[in-house]
Each structure stands twice: as C-alpha cells, then as structure tokens.
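Report on the structure given below.
The values are calculated or read from the model by the stated rules, or taken from the named source; none is laboratory data. As the structure is a prediction and not an experimental result, all values here were calculated from the model. When we count neighbours, we look across all protein chains shown, and the Cβ atoms used for this are built from the backbone with ideal geometry, even at glycine. Accessible surface is based on the protein model in full, side chains and every heavy atom, while ligands, DNA and RNA are left aside. Shrake-Rupley method; radii C 1.70, N 1.55, O 1.52, S 1.80 Å.
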Amino acid sequence: MTWSEMQPLLEQACWDTLYMVGWSTLIAVVGGLPLGVLLVLTDRGGLLRNVVANKVIGQVVNVARSMPFIILMVALMGFTRSITGTTIGREAAIVPLAVGAIPFFARLVETAVREVDGGLVEAVQSMGGNTWTIVRKVLVPEALPSLIASTTTTIVALIGYSAMAGTVGAGGLGDIAIRYGYQRFETELMWITVAVLAVVISLIQFAGDYAARSLYRRGGTSGPAPKLRLLKASTADTKTV
C-alpha cells in the first residue's frame, strides 16, 4: 500500500478518534466531576455527610470501573442502540466510552478534591459560607491543577479505549490497525498507526502537564492570605445579595 492510499485512511481515522474521544471526555467531565465531589461531601467528616449514600455511590463507581471495556461495550449494546439507533460507528462508540469514563474520572476527582487544604474550608465556613459556596469558591478552584491532570489521564485512557472500540466497527485508528494491519497484513500501515497514536498521546500529555503546572504555579504564588481575603469578599457579596 502506497502513502497516497494510506494518507486519506489515516486522516479520517484520526478525525474519528478525536471525535469519539472529544465527546466522551466532555460527557465524562460533566458526569464525573459532580459525582467525585459528591463522594467527598457525603463521606465521613464531609459537609453533606451521608454514609449510606456514600457507600452506594462508591460501590456503583467501583463496579463500573472494574468492568473491562470490551465487556462493557458488549453489555451496553442494547442501551447504545436505543440512544443512537445503531451499535457500530463513531457515534455508537461514544456511549460505552462515556459510560466507562465517568466512574474513572469520578475517582480521580475524588482524589484531587481530598487534597484541598481543610483550613480553607473551615475558614469559609466560619465566614458563613454554605456548601455551594465552598464547592464553587474553594474545592474546585483549589483542586483545578489536579483536575486538569486527571482530565489528561482520562483522555489518554479514552484513546486506548477507542482503539479497542475499533475492533467492533467503531472506526478510528484502532479500526485501521485491525482491518489493515492485522487482517490484511499491512504491517507498514499498522506501525504508522502506532506512531500516530504515540504522537497524539504525547502531545495531549504535554499540553495537560503544562496547563496543570501553570495553574499550580499561579495558585502557589498567591498564598493563603490573599485567597482568604478573596473568599471573605465573595462570601460577603453573597450575603448582601
């Protein structure tokens, strides 16, 4: 197979992979962020302590995370068909990708939020801040560098999942590697696909690490005192309104 034949295949496969990963990442962040924060808030010592709810949510997350993606994809075929009308193609692949990524990202969010300094939370509570104010002004902003790193990890994992989705007709780079590299013995195309995946993952990891470090340095230079003054002003504005 010549490069002129491989190029359009690789271009389309790259766009399909980015499409699947992009939408599934967005859904994972929208669904996993509140779920991870809720796991922290409902835990022992949390602002919304509810041990039963925490155990139930945690168990659901654990079960979903423990299921291999290829099995999850098959198990969700009926659900996928009811949403997209089909079980093949890049749109259909987004459903199991998102379902698998939400609990994965939720656990990363939980870990990131637990790292926030409890002194800031207590300070906002002493100023009369409610739970929503603490989440919006303290927990999420202070955990943002770790959340960016968690999002990067999730994207990299989803790229691997999308390659597995290619084995059942989802398209993307995984589909190219299977159909041409494995089934048609186009070894050169398979190794080019591997190289493209490596480059894409490296670029995403670099961008995520750079963003996380930039946010961490920006937050670290402000120190606790300016943060508390800003939180105090925000709390006062909330009370006034």
Subject >> From ALA143, ALA106, ALA149, residue being free of Cβ contacts under 8 Å to residues at least 40 places away in the same chain, crowded, with 20+ Cβ neighbours inside 10 Å and more than 22 Å from GLY171 (Cβ to Cβ) >> reply: ALA143
Original post:
Just for helices (runs of 4 or more DSSP H) wholly inside the stretch 1-101: which have at least 1 residues that are more than 26 Å from ASP175 (Cβ to Cβ)?
Top reply: 3-41, 51-66
Subject >> Residues that are under 27 Å from GLY36 (Cβ atoms) and open to solvent by less than 70 Å² (accessible area, probe 1.4 Å), drawn from the stretch 71-83 >> reply: LEU72, MET73, LEU76, THR80
Original post:
Where residues in the stretch 203-236 are among the polar types (S, T, N, Q) and at pLDDT 80 or above, which of them is most open to solvent (accessible area, probe 1.4 Å)?
Top reply: GLN205
**OP:** Among the residues of the stretch 113-133, write down those that are open to solvent by less than 30 Å² (accessible area, probe 1.4 Å) and modelled with pLDDT under 90.
**Re:** VAL116, LEU120, VAL121, ALA123, VAL124, GLY129, THR133
Original post:
So is VAL116 of a type outside the set (Ser, Thr, Tyr), more than 18 Å from the chain's Cα centre (by Cα), farther than 16 Å from LEU35 by Cβ and in a helix (DSSP H, G or I) or not?
Top reply: no
**OP:** Give the residue that is surrounded by the most Cβ atoms within 10 Å (Cβ to Cβ), with candidates limited to residues of the stretch 6-36 that are over 11 Å from the mean Cα position of the chain (by Cα) and among the polar types (S, T, N, Q).
**Re:** THR17
**OP:** Using the structure shown, decide if VAL200 is part of a helix (DSSP H, G or I) and at pLDDT 90 or above.
**Re:** yes
